[in-house]
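See below for the structure under consideration.
The values are calculated or read from the model by the stated rules, or taken from the named source; none is laboratory data. If you're wondering where the values come from, they're calculated on a predicted model, not measured in any experiment. Cβ atoms come from the backbone with ideal geometry, glycine included; neighbour counts cover every protein chain shown. The protein model used for the area step is the full one, side chains on, heavy atoms only, and it has no ligands, DNA or RNA in it. Shrake-Rupley method; radii C 1.70, N 1.55, O 1.52, S 1.80 Å.
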Amino acid sequence: MCIRDRFGCLEYPVATLELDPGHALLLCTDGLVEQPGADLDDGMRTLAALIAAGPDDVRDLADCLIDVAENRGGDDDVALLLLRRRGGDTPRPVGRLQQHVAPGDPEALAEARHMIRAAVGAWGDRHLSDEIELAADELITNALMHTEGSAIVTLRVLSGSDRRLRVEVEDSSSALPRRREAGESGVSGRGLLLVDLLADVWGVEARGGGKCVWCEFVVPDRG
């Protein structure tokens, strides 16, 4: 990204970071990090230690960090933003695999199917391999057929009040999918119907300029 100011065009790196449920994002000015007479790297390490030992609630954590900055002293202003991604009951990811599937690349699609089947089996849920692989295949195929770009498929294990396997397929289109009846002679339109029948729950969420279509399978906790 190029931003123009009195010095001309300055290049700033742009990156995308996805927060897993339960993870937090911290943005702050250097007033929270800098300490009089101390190296900036030391301040970053101190901040990381405070966050690791701090409370889980983001409001309480923000108050704790501001209190530390005020007690430390200094003339620099402090601005702080904390964001935590929460799910329905804030499930915790305990496993995650991801595969990029380019359009017109049958090998990549086959590799994604193999990854899903192997991972589900390795996680001890082989009895769900067929259902999860089929649902993921439908979501990936929809993304490749109805958008102009590639698809990113992610398989996660989530643990919370129950244990779930979650399939996510991300693409670059903001157009929302809709379930429709294919009819007896229709050759398409059954993808989301199959996902709805196979999965315990499914949905769509925005991801930057695109979207993510996901589905979840509730599985018994292995203890």
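Open to solvent by 80 Å² or more (accessible area, probe 1.4 Å) and either in contact with a Ser or Thr (Cβ under 6 Å, 6 or more places away or on another chain) or not polar (S, T, N, Q) (or both): is that true of residue 81 in this structure?
yes
What number of residues in region 9-31 are at pLDDT 85 or above and farther than 30 Å from residue 207 by Cα?
The total comes to 0.
Find the residue count for region 25-49, including only residues that are in contact with a Leu (Cβ under 7 Å, 6 or more places away or on another chain) and surrounded by fewer than 15 Cβ atoms within 10 Å (Cβ to Cβ).
Here the count works out to 2.
Can you tell me which residues in region 104-119 are out of contact with any His (no Cβ under 9 Å at 6 or more places or on another chain) and either in contact (Cβ under 8 Å) with a residue 12 or more places away in the chain or open to solvent by less than 40 Å² (accessible area, probe 1.4 Å) (or both)?
109, 111, 113, 115, 116, 117, 119
So which pairs qualify, if the first residue must be in region 35-59 and closer than 20 Å to residue 82 by Cβ, the second must be in a loop (DSSP other than H, G, I, E, B), the Cβ gap must be under 7 Å, and the two must be at least 6 apart or on different chains?
Within 7 Å, the pairs are 43/33; 43/34; 43/35; 44/33; 47/33.
Can you name the residue in region 169-191 that is farther than 18 Å from residue 210 by Cα and surrounded by 14 or more Cβ atoms within 10 Å (Cβ to Cβ) and is also modelled with the lowest pLDDT among such residues?
Out of the qualifying residues, it is 190.
Look at residue 130 and say whether it is in contact (Cβ under 8 Å) with a residue 24 or more places away in the chain and surrounded by 11 or more Cβ atoms within 10 Å (Cβ to Cβ).
No.
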